[in-house]
Amino acid sequence: MFFRRTTLIAVLVILAITLSVFSIKNKEQPITTQSTQTDAKFLGVWINYIEFAHMIEDKNEEQYQEHISGVLKSIKDMGFNTVVLHIRSHCDAFYRSNIFPYSSLLKSVPTFDPLEIFLEIAHEFNLSVHGWINPYRVAKAGTNITYLSEKNPARSLYNEGCVSMLDSGMYFIPSETKVQKLIIDGVREIIKTYPIDGIHFDDYFYPTTSESFDKTSYENYKKSAGQNAQSLGEFRRSSVNSLLFSVYRTIKLHNENILFGVSPSADIEKNYSTLYADASHWINGGYVDYICPQLYFGFEYPKEKFRFHNLLTEWEKLCNNKVNTVIGLAAYKSGEMDAESDEWIKNNDILSRQSRLVLENKDFFGICVYNYSTLISAKEEQEKLSKIICRTP
């Protein structure tokens with residue numbers, strides 16, 4: 001199979017030792033998905049929330065269908081088989097939900113369901129779609145809680161001490177039980193309502209190392225845990241682990257064919273110590289169907305540690321064939337300076353060279369390119385990349 005799955009026994013064992021703070025429903029009646037997952041490699045492209053908003057805005061249903069058909073045809077023609085679509089970037093959504101309001105990026109509420117139509121057309125093109133979610137981001141920087149829609153669940157959770165304000169934006173506190181339940185319920189709603197092929201989280205976990213971010217939550221935890229209390233770092237990593245495993249279990253109890261993947265940043269140590277994202281734990285614990293590290297660097301990056309070859313080797317060792325590993329590539333750097341390197345300006349074959357290294361290595365299961373719009377505009381990079389992926393089985 002394209003993705004190896006953890007057995008139900010292993011899942012239950014992990015659940016017993018995981019910091020899970022709420023119960024999940026018994027096995028639900030699965031919906032029938034139109035998953036196109038096969039023995040083929042994962043060949044994906046990300047469409048972010050800003051791109052998706054532009055695809056929806058100021059269009060009636062017929063215009064939207066026509067536009068999405070063009071987008072998906074171009075993705076198919078380039079040789080991709082998977083779209084990672086940003087359906088909830090903050091605490092609002094690009095689909096019809098009983099939990100979240102429509103995205104604040106949309107000037108008006110669509111008269112059609114953007115996700116329903118996107119999935120229908122994508123499956124006609126034999127493309128899989130993974131719904132990309134940022135679980136902890138509530139709103140962008142400078143947003144006052146009163147500016148949020150009255151239907152936004154963050155408003156009530158803010159009053160209950162579950163939301164923290166930072167200069168970089170507004171965020172849920174990951175350790176809070178009600179936050180975890182909201183995220184789980186949101187995922188459950190998607191997989192029950194739509195024939196989605198996967199759920200995908202990226203690298204937005206803890207937004208700061210500051211102790212003040214979740215001080216009350218941590219102090220309450222220490223009071224209940226007593227002498228057995230974890231350090232702040234351990235507490236935060238456990239909170240993220242709890243959520244990820246509960247999301248995984250919720251998905252698999254509903255429909256084991258729906259995949260769950262996480263896309264952490266390239267820096268393993270930063271993930272662990274700064275974002276409190278313990279990728280090694282997820283890999284070894286059976287928390288995900290695939291992991292997609294964002295190796296958004298060239299071959300000549302000034303810091304040797306972050307050169308593509310070195311990052312690829314590091315992640316290959318970490319994953320060690322224990323999880324399906326998809327490598328994230330950066331189309332958005334094409335034609336741009338990268339730190340002090342002009343590699344992406346001088347060369348137009350970086351993505352194709354990187355993809356060849358990944359796709360010819362049996363220890364990797366594919367690539368995912370960020371993002372659609374920049375890939376389309378980087379014509380020469382795109383054409384060279386397409387030649388590689390179009391001949392990938």
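No value in this document is a laboratory result; all are computed from the given coordinates. Here the structure is a predicted model, which means the values were calculated and not measured. FYI the Cβ positions are ideal-geometry reconstructions off the backbone, even for glycines, and counts take in every protein chain you see.
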Normalising by the residue count of the chain, find the relative contact order in percent from Cα pairs under 8 Å and 6+ residues apart.
-> 18 percent
Label-point separation in nm, Thr208 to Asn321, each point 7 Å along Cα→Cβ = 4.5 nm
Counting other beta carbons within 10 Å of each Cβ, put Thr374, Thr82 in order, fewest first.
-> Thr374, Thr82
Stretch gain in nm, segment Ser224-Thr177, where the contour uses 0.36 nm per residue and the Cα spacing is subtracted | 15.5 nm
Each label sits 7 Å from Cα toward the beta-carbon; between Cys390 and Tyr147 the label points are separated, in nm, by 4.5 nm
Cα to Cα, under 13 Å, and not fewer than 8 places away if on the same chain: which aspartates and glutamates meet these conditions relative to Lys387?
-> Asp77, Asp349
Between the range 267-287 and the range 290-350, what is the C-alpha centre distance in whole Å?
-> 18 Å
Per-residue [θ]222 nm for the chain (sum of -39500 (n - 2.57) over DSSP H runs n ≥ 4, rounded to 500) = -12000 deg cm²/dmol
Quick one: of Lys41/Lys379; Lys222/Lys270; Lys76/Lys322; Lys346/Lys379; Lys76/Lys362; Lys270/Lys303, which pairs are farther than 19 Å apart, Cα to Cα?
-> Lys41/Lys379; Lys222/Lys270; Lys76/Lys322; Lys76/Lys362
The residues Arg155, Arg88, sorted from fewest to most surrounding Cβ atoms within 10 Å, come out as Arg155, Arg88
Cβ density ranking, 10 Å radius, fewest first, applied to Phe172, Phe299, Phe306 yields Phe299, Phe306, Phe172
Additional length obtainable on full extension of the chain from Glu380 to Phe125, 0.36 nm per residue less Cα span | 89.4 nm
Under 5 Å, built H, 5+ apart or other chain: amide partners of Tyr301 | Phe308
Specify which labelled value, from [x] -0.31, -0.96, -1.34; [y] -0.67, -1.03, -1.16; [z] -0.36, -0.94, -1.15, agrees with log10 I(q)/I(0) by the Debye sum over Cα atoms at q = 0.07, 0.12, 0.14 Å⁻¹ derived from the coordinates of the model shown.
-> [x]
Expected unfolding gain across Lys140-Lys303 under the 0.36 nm per residue rule, minus the alpha-carbon gap, is 55.6 nm
With a ≥ b ≥ c from the Cα gyration tensor eigenvalues, square-rooted, and the rule rounded for a/c under 1.5, otherwise prolate when a/b > b/c and oblate otherwise, the range 181-301 is oblate
If every Lys and Arg gets +1 and every Asp and Glu gets -1 at its Cβ, then about the Cα centre the chain yields a dipole, in debye to the nearest 20, of 1040 debye
Cα-centred dipole magnitude for the range 51-168, charges only on beta-carbon of K, R (+1) and D, E (-1), debye, nearest 20 = 380 debye
Estimated vicinal HN-Hα couplings, Hz - the range 287-294 in sequence order (Karplus 6.51, -1.76, 1.60; Gly, Pro = x) | 8, 9, 7, 8, 10, 10, x, 8
Phi-based couplings in Hz for the range 257-271 (Karplus 6.51, -1.76, 1.60; Gly and Pro marked x) | 7, 7, 8, 10, x, 10, 10, x, 5, 5, 8, 4, 5, 4, 3
Along the range 204-209, what does the Karplus equation 6.51 cos²θ - 1.76 cosθ + 1.60 (θ = phi - 60°) give for ³J(HN,Hα), rounded to whole Hz, x for Gly and Pro?
-> 8, 10, 5, x, 7, 9
Within the range 265-353: Cβ-based charge dipole about Cα centre, in debye rounded to nearest 20 (Lys, Arg +1; Asp, Glu -1) | 200 debye
Counting pairs of alpha carbon atoms under 8 Å apart in space and at least six apart in sequence, what relative contact order in percent does the range 274-393 give?
-> 25 percent
Those trypsin sites (Lys or Arg not before Pro) from the range 239-314 that are DSSP loop and have at most 14 other Cβ neighbours within 10 Å turn out to be Lys303
If packing is taken as the mean number of other Cβ atoms within 10 Å per residue, what is the order of 213-221, 334-342, highest first?
-> 213-221, 334-342
Computed Rg/Rh for the range 84-140 (Cα atoms; Rh = Kirkwood radius) stands at 0.99
Gyration tensor on Cα atoms of the range 298-393, a ≥ b ≥ c root eigenvalues, a/c under 1.5 rounded, else prolate if a/b beats b/c, else oblate, says oblate
